[in-house]
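J.: One structure is given below, represented as structure tokens, and several questions about it will come after.
The values are calculated or read from the model by the stated rules, or taken from the named source; none is laboratory data. These numbers were taken from a predicted model, which means no experiment stands behind them. Neighbour counts run over all protein chains shown; Cβ positions are idealised from the backbone, glycine included.
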Amino acid sequence: MIALATGRPGRGSRQASSEFGFSRCAPLNDQPENSEYSLERRGRLHPFAYVAPVTVEEAVAVLDKHGDRARPLAGGTDLLVKTRANVWELDAVVDIKNIPELMTVTVGNDGLSIGAGVPCYQIYENSEVAAGYPCIVDGTDIIGGIQIQSRAALGGNLCNAAPSADGVCPLIVHSAVAHIAGPGGNREVAVEDFCTGPSQTVLKKGELLVSMSMPKPPANFGAAYTRFIPRNEMDIAVAGVAVSLVLDPSGQNFESARIALASVGPVPILATAAGDSLAGKPVNDESIAAAAALARDAASPITDMRGTIEQRRQLVEVLTGRMINKAIERARG
């Protein structure tokens, strides 16, 4: 069943408006033909329907009906900012938090599955996730402060598609797959292919990210993520690096590796050549330095207020070396 907070007098509409900070909600059939008033003053919202589906199918139906004028609501830490700034003018906001598949974390023999609406704190406080998927914990633990982490979802971090997103590169090096539902059925996309540009993804009209899954790591596996920020007051990465690797039983040789880069391109980058360069190589400074140099070459940064092109490339090289060493430590236990 779909619940609507209509903005009409009543306990439900007041409760929804209070919880989500909406200045006004309206039913689907009450949308004004002329919405120019929403641009008259920054922060004033276009009237929209608040929809709370309980199944994926219901959510997809609303998203499909309204197209670009509807958005899923997980934590709302990006959606509410953008709607108040009139980046988006929406007719419907689809709260996904009542859909079980989107709010569940499952760890089993086949790997890890994280619902798209699960808030960050429920991920990094999960002992099973921390034990087997350390890079996921590294990323979710630094997405905003504690208050943000109580609301913000890893799935939202992925769908927001910011090049600097701290949650995406950890997903990439854990070989995560995005599970998508839409009007035409379900499909899967490797997370490294999910973001197509800044704030752009592979999601089509009516499609919804349901969950992210990743395989159970093999023996002698280690992974780590870190970032560089200009100062504590600016919580956006100048550059970030995630690394996962598998060592042979002796712990002295690399069997495989994946390296992903944040905030140094229009999308998070899987540095394939850098990761592949470690396969079959001995664990030593020379192998690590060579991989770090290749990661630097894979970066395609810009100069902005947070850093220059050269600074970012240098950071990628340094952070890659550090994260390889940290992943080695974790792999060796």
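J.: Scan the range 160-176 residue by residue and report those that are β-branched (Val, Ile, Thr) and surrounded by fewer than 20 Cβ atoms within 10 Å (Cβ to Cβ).
T.: Start the filter on the range 160-176 by keeping residues that are β-branched (Val, Ile, Thr), which leaves 168, 172-173.
Passing the criteria: none in range.
J.: When you scan the range 253-270, do you find a residue that is more than 25 Å from residue 162 (Cα to Cα), within 25 Å of the chain's Cα centre (by Cα) and outside the structural domain of residue 193 (by TED's automatic domain parsing), even just one?
T.: For the range 253-270, residues more than 25 Å from residue 162 (Cα to Cα), within 25 Å of the chain's Cα centre (by Cα) and outside the structural domain of residue 193 (by TED's automatic domain parsing): present.
J.: Checking residue 258 against (1) surrounded by 24 or more Cβ atoms within 10 Å (Cβ to Cβ); (2) at pLDDT below 95; (3) charged (D, E, K, R): exactly one of these is not met. Which one?
T.: (2) is the only condition that residue 258 fails.
J.: Identify, from the list 186, 157, the residue that is crowded, with 24+ Cβ neighbours inside 10 Å, of a type outside the set (Gly, Ala, Ser) and more than 22 Å from residue 257 (Cβ to Cβ).
T.: Every option except 157 fails the conditions.
This table checks each residue for (1) in contact with a Lys or Arg (Cβ under 7 Å, 6 or more places away or on another chain); (2) closer than 13 Å to residue 323 by Cα; (3) among the aromatic types (Phe, Trp, Tyr).
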position: 231; (1), (2), (3): no, no, no
position: 244; (1), (2), (3): yes, yes, no
position: 267; (1), (2), (3): no, no, no
position: 273; (1), (2), (3): no, no, no
position: 287; (1), (2), (3): yes, no, no
position: 294; (1), (2), (3): no, no, no
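J.: Somewhere in the range 284-306, is a residue modelled with pLDDT under 95, touching a Ser or Thr at 6+ places or on another chain (Cβ under 9 Å) and not aliphatic (A, V, I, L, M)? Outline the logic, then answer.
T.: Taking the range 284-306 and keeping what is modelled with pLDDT under 95, we get 304-306.
Those still in the list that are touching a Ser or Thr at 6+ places or on another chain (Cβ under 9 Å) too: 306.
When the remaining residues are screened for being not aliphatic (A, V, I, L, M), the result is 306.
Checking the range 284-306: at least one residue is modelled with pLDDT under 95, touching a Ser or Thr at 6+ places or on another chain (Cβ under 9 Å) and not aliphatic (A, V, I, L, M).
J.: Let me ask something else. Among (1) touching a helix residue (DSSP H, G or I) at 6+ places or on another chain (Cβ under 8 Å); (2) at pLDDT below 90; (3) among the basic types (Lys, Arg), there is one condition residue 84 misses while meeting the rest; what is its number?
T.: That leaves (1) as the condition not met.
J.: Of these, 265, 251, which one is in contact with a Pro (Cβ under 9 Å, 6 or more places away or on another chain), in a loop (DSSP other than H, G, I, E, B), small (Gly, Ala, Ser) and surrounded by fewer than 21 Cβ atoms within 10 Å (Cβ to Cβ)?
T.: Answer to the check: 265.
J.: Would you mention how many residues in the range 274-293 are hydroxyl-bearing (Ser, Thr, Tyr) and more than 28 Å from the chain's Cα centre (by Cα)?
T.: 1
J.: Which one of these is outside the structural domain of residue 78 (by TED's automatic domain parsing), in contact (Cβ under 8 Å) with a residue 40 or more places away in the chain and closer than 23 Å to residue 62 by Cβ: 183, 170? Talk me through it step by step, then tell me what you get.
T.: Working: 170 fails: closer than 23 Å to residue 62 by Cβ.
Just a single option satisfies the conditions, and that option is 183.
J.: Now a separate question. Any idea which residue in the range 190-246 is nearest to residue 174 (Cα to Cα), counting only those that are of a type in the set (Val, Ile, Thr) and part of a loop (DSSP other than H, G, I, E, B)?
T.: Residue satisfying both the conditions and the ranking: 202.
J.: Now for a separate question. Mind listing whichever residues of the range 268-283 are under 30 Å from residue 144 (Cβ atoms) and assigned to a strand (DSSP E or B)?
T.: Residues satisfying the conditions are 269, 270.
J.: Given (1) within 25 Å of the chain's Cα centre (by Cα); (2) in contact (Cβ under 8 Å) with a residue 60 or more places away in the chain, identify the lone condition not met by residue 332.
T.: Condition not satisfied by residue 332: (1).
J.: Filter the range 292-330 down to the residues that are surrounded by fewer than 19 Cβ atoms within 10 Å (Cβ to Cβ), in contact with a helix residue (DSSP H, G or I) (Cβ under 7 Å, 6 or more places away or on another chain) and of a type in the set (Gly, Ala, Ser) and list them by number.
T.: 293, the sole residue that qualifies.
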